[in-house]
Amino acid sequence: MEPIYDKKTFKPREAIGSLIGLARKTMINKIDAELAPFDVSAAQWLVVLLVGEYAVSSATGLCDKLSYDPGAMTRLLDRLESKGIVRRVRSPEDRRTIQLELTENGKTLYPKIIAAMADVNNSLLRGFSHDEVSQLEGYLRRMLANA
């Protein structure tokens, strides 16, 4: 298959990588603004989402999933714990293992965060059709599969 970009005429700032990076930065800024009333940042909402979906139950799992270093994750969890959103509990099967769960406050906050995320995504996808969004999602999945 022929390459998409020609090395001689390649313009990095106009290429897919740069555009994805700018879209990500814009999305994070909008997420931070949307979640400000809940005192939750873009980085913190991902933890709430993963713990709330039971997709991850440990700090190690979060580090792997989000590509965070353990020190940064500990600080992030400390902030969420001090806000009463997440708590660390010992595993009943292995007392050495610390599991994460949402507090009652976190469980109440979780659907509000999901709704805020839908609002952010909808605002950025304004003017797109459902088919176009499905295509875009498919293209991004294909890029990730190529990685």
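The values are calculated or read from the model by the stated rules, or taken from the named source; none is laboratory data. In this text, all values refer to a predicted model and were calculated from it rather than measured experimentally. Glycine gets a Cβ as well: all are built from the backbone with ideal geometry, and neighbour counts include every protein chain shown.
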Could you please give the count of residues in the range 85-95 that are without any contact (Cβ under 8 Å) to a residue 40 or more places away in the chain and either touching a strand residue (DSSP E or B) at 6+ places or on another chain (Cβ under 8 Å) or surrounded by 13 or more Cβ atoms within 10 Å (Cβ to Cβ) (or both)?
6
If we only count helices (runs of 4 or more DSSP H) wholly inside the range 10-86, which ones have 2 or more residues that are under 30 Å from Thr97 (Cβ atoms)?
42-52, 59-66, 70-82
Subset of the range 119-137, residues exposed (fewer than 11 other Cβ atoms within 10 Å of the Cβ) and under 30 Å from Ser58 (Cα atoms), comes to Glu137
Of all residues in the range 32-58 being of a type in the set (Phe, Trp, Tyr) and either farther than 11 Å from Tyr110 by Cβ or surrounded by fewer than 17 Cβ atoms within 10 Å (Cβ to Cβ) (or both), the one that is nearest to the chain's Cα centre (by Cα)
Tyr54
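Does Glu93 satisfy the criteria of being under 26 Å from Asp78 (Cβ atoms), of a type outside the set (Lys, Arg) and in a loop (DSSP other than H, G, I, E, B)?
yes
Filter the range 88-114 for residues that are β-branched (Val, Ile, Thr) and more than 20 Å from the chain's Cα centre (by Cα) and give the result.
Matches in the range 88-114: Val89, Thr97, Ile98.
Only one residue in Leu66, Leu35, Leu80 is closer than 27 Å to Leu124 by Cβ and at pLDDT below 90. Which one?
Working: Leu35 fails: at pLDDT below 90; Leu80 fails: at pLDDT below 90.
Every option except Leu66 fails the conditions.
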Among the residues of the range 108-116, are any touching a residue at least 12 places away in the same chain (Cβ under 8 Å), over 21 Å from Ile31 (Cβ atoms) and not aliphatic (A, V, I, L, M)?
no
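Within the range 96-107, which residues are buried (at least 17 other Cβ atoms within 10 Å of the Cβ) and either touching a residue at least 60 places away in the same chain (Cβ under 8 Å) or not in a strand (DSSP E or B) (or both)? Full working, then the answer.
Going residue by residue through the range 96-107, those that are buried (at least 17 other Cβ atoms within 10 Å of the Cβ) are 99-100, 102, 106.
Residue satisfying the conditions is Gly106 alone.
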Can you name the number of the only condition in (1) under 18 Å from Ala36 (Cα atoms); (2) charged (D, E, K, R); (3) touching a residue at least 40 places away in the same chain (Cβ under 8 Å) that Glu81 fails?
(3)
Go through the range 7-34 and count every residue that is among the β-branched types (Val, Ile, Thr) and out of contact with any helix residue (DSSP H, G or I) (no Cβ under 6 Å at 6 or more places or on another chain).
4
